[in-house]
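The values are calculated or read from the model by the stated rules, or taken from the named source; none is laboratory data. In this text the structure is predicted, and so the values were computed from the model without any measurement. Positions of Cβ are backbone-derived with ideal geometry, glycine not excepted, and every protein chain shown enters the neighbour counts.
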Amino acid sequence: MAELRFTTENRTGVVIAAFEGSIHMGGGDVVLKESVRKLIDEGMKKVVLDLSRVTAIDSVGIGQLVGLAASARRQGGEIRLAALTKKIRDLMEIVRLNTVFSCHDSVDDAVRAFRG
């Protein structure tokens, strides 16, 4: 499986972390956890995860998302998900994570919701 890559962008207090590749056990899950945890530890309270280029996510990756959301909340922050592919959106609905995360159609929508 392809290595997970990410970039970050700060839009006036809202950090966008854009991921590309697969979030799976033994690879992308570690990249996801370490990159987002670093943002949270640096005091970022508003984090948008752009998942538009994520090709797959397994149960370990989903577990990492849940753990990161809990960490962010403990520190007074929030993680929102944006631009999920149909495959990943369907999976989030099946495992009912759409009730845990605020999911948005686009990064811009997620950023606006933080400012709203």
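Per the conditions (1) surrounded by 15 or more Cβ atoms within 10 Å (Cβ to Cβ); (2) touching a Lys or Arg at 6+ places or on another chain (Cβ under 8 Å), the sole criterion not satisfied by Gly61 is (2). Considering only residues in the range 30-44 that are of a type in the set (D, E, K, R) and in contact with a helix residue (DSSP H, G or I) (Cβ under 8 Å, 6 or more places away or on another chain), the one that is surrounded by the fewest Cβ atoms within 10 Å (Cβ to Cβ) turns out to be Arg37. Among all residues of the range 45-56, there is none that is assigned to a helix (DSSP H, G or I) and either within 18 Å of Thr12 (Cα to Cα) or of a type in the set (Gly, Ala, Ser) (or both). Applying the selection to the range 71-94, what residues are within 17 Å of Lys38 (Cα to Cα) and over 12 Å from the mean Cα position of the chain (by Cα)? Selection gives Ser71, Arg73, Arg74, Gln75, Gly76, Gly77. Going by the structure shown, is Met92 at pLDDT below 95, assigned to a loop (DSSP other than H, G, I, E, B) and among the aliphatic types (A, V, I, L, M)? No, not satisfied. For the range 1-29, a tally of residues being loosely packed, with under 13 Cβ neighbours inside 10 Å and not in a strand (DSSP E or B) returns 5. In this entry, Ala69 is excluded by the filter for residues that are in contact with a strand residue (DSSP E or B) (Cβ under 6 Å, 6 or more places away or on another chain) and in a strand (DSSP E or B). Can you tell me which residue within the range 95-111, out of those that are more than 12 Å from the chain's Cα centre (by Cα) and at pLDDT 95 or above, is surrounded by the most Cβ atoms within 10 Å (Cβ to Cβ)? The extreme case among them is Val111.
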